Amino acid sequence: MIEYHQNHPLDPQEVARVFKASGINRPTDDIPRITSMLEGANLIVSAWHEDKLIGVCRALTDYCYCCYLSDLAVDRAYQRQGIGTKLISQVREATGDEVSLVLLSAPGAMDYYKQIGFTLADNAFVKKRLK
């Protein structure tokens, strides 16, 4: 059975492990940066199987208009079981129907987000990080 928790304390090392195991491109060898990423988020939903962290959805939101989903990662061993979709639905539940969910997708996940109800935006701009 998979359990979901909102803003449950997370070990940055474990989050880095999930990022690596999911295939998401994050600075997993820079634990201080992972720690800062967790501290900077104001909504984190985590997925657990038998006390093992298996999924993370990290977000920044004002809880009234917009929510940026900055990370969605599920350990490959647990993918294709609806866990990512459930993590996002937990974010939606926490933020409400008046809040837009916005994210930047990895190229390989474009079809996934379309399948779960996201609309492709053609009006987004990005200034890429330098490091």
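The values are calculated or read from the model by the stated rules, or taken from the named source; none is laboratory data. Keep in mind the model is a prediction, meaning the values are calculated, not measured. FYI the Cβ positions are ideal-geometry reconstructions off the backbone, even for glycines, and counts take in every protein chain you see. Note: accessible area is taken over every heavy atom of the protein model, side chains too, but ligands, DNA and RNA are not part of it. Shrake-Rupley method; radii C 1.70, N 1.55, O 1.52, S 1.80 Å.
For Phe125, the criteria (1) open to solvent by 60 Å² or more (accessible area, probe 1.4 Å); (2) of a type in the set (Phe, Trp, Tyr); (3) under 15 Å from the mean Cα position of the chain (by Cα) hold in every case but one, which is (3).
Considering only region 74-120, how many residues are closer than 26 Å to Cys64 by Cβ, in contact with a Ser or Thr (Cβ under 7 Å, 6 or more places away or on another chain) and in contact (Cβ under 8 Å) with a residue 40 or more places away in the chain? The qualifying residues number 1.
Scanning region 25-48 for residues that are of a type outside the set (Ser, Thr, Tyr) and farther than 20 Å from Gln90 by Cα returns Asn25, Arg26, Pro27, Asp29, Asp30, Ile31, Pro32, Arg33, Ile34. Based on this model, can you work out whether Thr119 counts as among the β-branched types (Val, Ile, Thr), buried (at least 17 other Cβ atoms within 10 Å of the Cβ) and over 22 Å from Thr28 (Cβ atoms)? So Thr119 does not fit the description; no. For region 111-131, the tally of residues that are part of a helix (DSSP H, G or I) and among the hydroxyl-bearing types (Ser, Thr, Tyr) stands at 2.
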